[in-house]
Amino acid sequence: MSTETNLSALHRALECFNDPARRASYLDLYDESVRLIGYAGVEPGLEGVRKFYENLWATFPDAVVQVEDAFGVDDKVVCRFTLTGTHRGDFLGVAATGKPISASGITILRFASGKCVERWSQADFLGVLNQISS
């Protein structure tokens, strides 16, 4: 697949991520064997990714990802993003506070046959803890 095709797949998936009525379709981005690296406790495979995102959406039901930059090279897409939302469920041991959060992050996705098969991410979840604990 081309870099443009992979970038388009990411943008389509994020449109679904940002629309609570279509969130389940966000997971169409991922291959059954996908591996997410950088998110503690996420098991390899689509089911592990599904559990992670279902928990994220339960905790931050109004979560939105804003793409700040995105570009691709060969089979990889790089995306710098900001995640915003409202803390409505348990997050790393902190009960819901109703506080708004904002977390910056960078992710690299590797595609094969139109699906993300590997993803490396760094997101400022420590910053989120600070926002909901203060």
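Looking at the range 106-118 only, could you name the residues that are farther than 16 Å from Val49 by Cβ and either part of a strand (DSSP E or B) or under 11 Å from the mean Cα position of the chain (by Cα) (or both)?
Looking only at the range 106-118, we keep the residues that are farther than 16 Å from Val49 by Cβ, and these are 106, 113-114.
Answer for the range 106-118, where residues must be farther than 16 Å from Val49 by Cβ and either part of a strand (DSSP E or B) or under 11 Å from the mean Cα position of the chain (by Cα) (or both): just Ile106.
Tell me which residues, restricted to the range 119-134, are over 13 Å from the mean Cα position of the chain (by Cα) and open to solvent by 10 Å² or more (accessible area, probe 1.4 Å). Even if it seems obvious, please write down each step before you answer.
In the first step, residues of the range 119-134 are kept if they are over 13 Å from the mean Cα position of the chain (by Cα); the result is 126-134.
If the condition is that a residue be over 13 Å from the mean Cα position of the chain (by Cα) and open to solvent by 10 Å² or more (accessible area, probe 1.4 Å), then Leu126, Gly127, Leu129, Asn130, Gln131, Ser133, Ser134 are the ones that fit.
Any residue at all in the range 16-23 that's under 23 Å from Gly127 (Cβ atoms) and at pLDDT 95 or above? Break it down into steps so the answer makes sense when it comes.
We begin by selecting, within the range 16-23, every residue under 23 Å from Gly127 (Cβ atoms); these are 17-18.
Applying the additional criterion that residues be at pLDDT 95 or above yields 17-18.
Yes, the range 16-23 has at least one match.
Here Val77 meets each of (1) touching a Phe, Trp or Tyr at 6+ places or on another chain (Cβ under 6 Å); (2) under 19 Å from Asn6 (Cβ atoms); (3) among the aliphatic types (A, V, I, L, M) with one exception, condition (1).
Only residues that are part of a strand (DSSP E or B) and either without any contact (Cβ under 8 Å) to a residue 24 or more places away in the chain or open to solvent by 70 Å² or more (accessible area, probe 1.4 Å) (or both): list them for the range 42-97, please. Before the answer, list the steps.
Within the range 42-97, the first condition is being part of a strand (DSSP E or B), and the residues that meet it are 64-73, 76-86, 91, 94.
Those that are part of a strand (DSSP E or B) and either without any contact (Cβ under 8 Å) to a residue 24 or more places away in the chain or open to solvent by 70 Å² or more (accessible area, probe 1.4 Å) (or both): Gln66, Glu68, Asp69, Phe71, Val73, Lys76, Arg80, Thr82, Thr84.
Scanning the range 11-41 for residues that are touching a Ser or Thr at 6+ places or on another chain (Cβ under 9 Å), surrounded by 14 or more Cβ atoms within 10 Å (Cβ to Cβ), at negative phi and touching a residue at least 60 places away in the same chain (Cβ under 8 Å) gives Asp31, Leu36, Tyr39. Selection of the range 1-39 for residues being in a strand (DSSP E or B) and under 16 Å from Phe81 (Cβ atoms) yields only Leu36.
Scanning the range 1-45 for residues that are farther than 22 Å from Val73 by Cα, out of contact with any strand residue (DSSP E or B) (no Cβ under 9 Å at 6 or more places or on another chain) and among the small types (Gly, Ala, Ser) turns up Ala21, Ala24, Ser25, Ala40, Gly41.
The values are calculated or read from the model by the stated rules, or taken from the named source; none is laboratory data. No experiment lies behind these values; they were computed from the predicted model shown. All Cβ positions, even for glycine, are placed from backbone atoms using ideal geometry, and neighbour counts span all protein chains on display. Side chains are part of the model used for accessible areas, which takes the heavy atoms of the whole protein and leaves out ligands, DNA and RNA. Shrake-Rupley method; radii C 1.70, N 1.55, O 1.52, S 1.80 Å.
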